[in-house]
Amino acid sequence: MANEKKELSQEQKDELFAVLKTRFEKNIKRHEGLEWVKVQQKLEANQEKLWSVHEMERTGGEPDIVGYDGGTGEYVFFDCSTESPAGRRSCCYDHEALNARKQNKPENSVMGMAADMGIELLTPEEYWKLQKLGSFDMKTSSWVKTPPEIRKLGGAIFGDFRYGQVFIYHNGADSYYGARGFRGSLRV
């Protein structure tokens with residue numbers, strides 16, 4: 001359930017910062033040369049983005065820093081859970097696909113959930129970047145941002161890691177599976 005105020009209590013902030021700091025320190029190869037103190041300061045200065053990171057964590061994404069954009073001064077978070085976030089599965093791609101389903105409609109769409117959370121869906125290029133940081137989606141798959149020309153034809157794309165390789169596939173945008181969710185990114 002989305003928090004309409006998009007604010008966290010001090011207890012929620014403290015818990016989130018403890019989890020994020022532990023993950024940051026445990027996975028230093030994802031963000032060598034970056035300092036946790038500066039990341040925390042950025043998050044504290046932007047409560048709405050902090051709320052979005054909390055939503056990433058709450059839904060099972062295990063967000064972590066995967067880069068820093070020196071041009072904009074932004075830290076880049078990706079969902080780094082080993083498998084597609086459990087709290088974001090069984091969704092068709094977007095609102096149009098959700099409305100097109102006549103039977104067995106899922107509760108939400110990927111694009112709708114991402115917008116509610118204040119995050120962006122990983123692009124195929126970002127998905128490839130994530131896979132260079134480890135092995136993700138070995139048993140699950142994750143929807144990725146679909147080019148308009150594919151979406152216009154009724155399709156959507158997703159990625160996974162099988163047989164030691166990253167694969168990007170296609171499916172009908174109205175399909176949904178218990179083992180397919182989505183991964184997001186957030187710039188802070």
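Pairing each residue of the stretch 103-116 that is under 14 Å from L186 (Cα atoms) with any residue that is surrounded by fewer than 14 Cβ atoms within 10 Å (Cβ to Cβ) and of a type in the set (F, W, Y), provided the two are 6+ apart or on different chains, yields no C-beta distance under 7 Å. Number of residues in the stretch 156-188 that are of a type in the set (D, E) and crowded, with 22+ Cβ neighbours inside 10 Å equals 1. Restricting attention to the stretch 84-115, the residues being in contact with a Gly (Cβ under 8 Å, 6 or more places away or on another chain), of a type outside the set (A, V, I, L, M) and surrounded by fewer than 21 Cβ atoms within 10 Å (Cβ to Cβ) number 3. In the set (1) touching a residue at least 24 places away in the same chain (Cβ under 8 Å); (2) open to solvent by 20 Å² or more (accessible area, probe 1.4 Å); (3) not in a helix (DSSP H, G or I); (4) not hydrophobic (A, V, I, L, M, F, W, C), D64 fails one condition alone, (2). One residue stands out among those in the stretch 96-125 that are in a loop (DSSP other than H, G, I, E, B) and among the β-branched types (V, I, T): the one that is farthest from F77 (Cα to Cα), which is T123.
A single entry from K129, K139 fulfils the requirement of being part of a helix (DSSP H, G or I) and either open to solvent by 60 Å² or more (accessible area, probe 1.4 Å) or polar (S, T, N, Q) (or both): K129. Pairs are defined by a Cβ separation below 7 Å, a sequence spacing of at least 6 or placement on different chains, a first member in the stretch 77-88 that is without any contact (Cβ under 8 Å) to a residue 40 or more places away in the chain and more than 10 Å from E62 (Cβ to Cβ), and a second member that is open to solvent by 10 Å² or more (accessible area, probe 1.4 Å) and part of a strand (DSSP E or B); no pair meets this definition. Name the one entry in R23, R58 that is surrounded by fewer than 19 Cβ atoms within 10 Å (Cβ to Cβ), of a type in the set (K, R) and closer than 19 Å to D116 by Cα. That would be R58, the only listed residue that is surrounded by fewer than 19 Cβ atoms within 10 Å (Cβ to Cβ), of a type in the set (K, R) and closer than 19 Å to D116 by Cα.
Candidates are the residues of the stretch 150-188 that are out of contact with any helix residue (DSSP H, G or I) (no Cβ under 7 Å at 6 or more places or on another chain) and of a type in the set (S, T, N, Q); the one that is nearest to P106 (Cα to Cα) is S175. Would it be correct to say that N46 is at pLDDT below 95 and surrounded by fewer than 16 Cβ atoms within 10 Å (Cβ to Cβ)? So N46 fails the test. Here is the figure for the stretch 142-188: residues that are in a strand (DSSP E or B), more than 28 Å from Y68 (Cβ to Cβ) and without any contact (Cβ under 8 Å) to a residue 40 or more places away in the chain total 7.
Considering (1) within 22 Å of I157 (Cβ to Cβ); (2) loosely packed, with under 15 Cβ neighbours inside 10 Å; (3) in contact with a strand residue (DSSP E or B) (Cβ under 7 Å, 6 or more places away or on another chain); (4) not aliphatic (A, V, I, L, M), the lone condition that D69 does not fulfil carries the number (1).
The values are calculated or read from the model by the stated rules, or taken from the named source; none is laboratory data. For clarity, every value in this text was computed on a predicted model and none was experimentally measured. We place every Cβ from the backbone using ideal geometry, glycine too, and count neighbours over all the protein chains shown. For accessibility, only protein heavy atoms count, side chains too; no ligands or nucleic acids. Shrake-Rupley method; radii C 1.70, N 1.55, O 1.52, S 1.80 Å.
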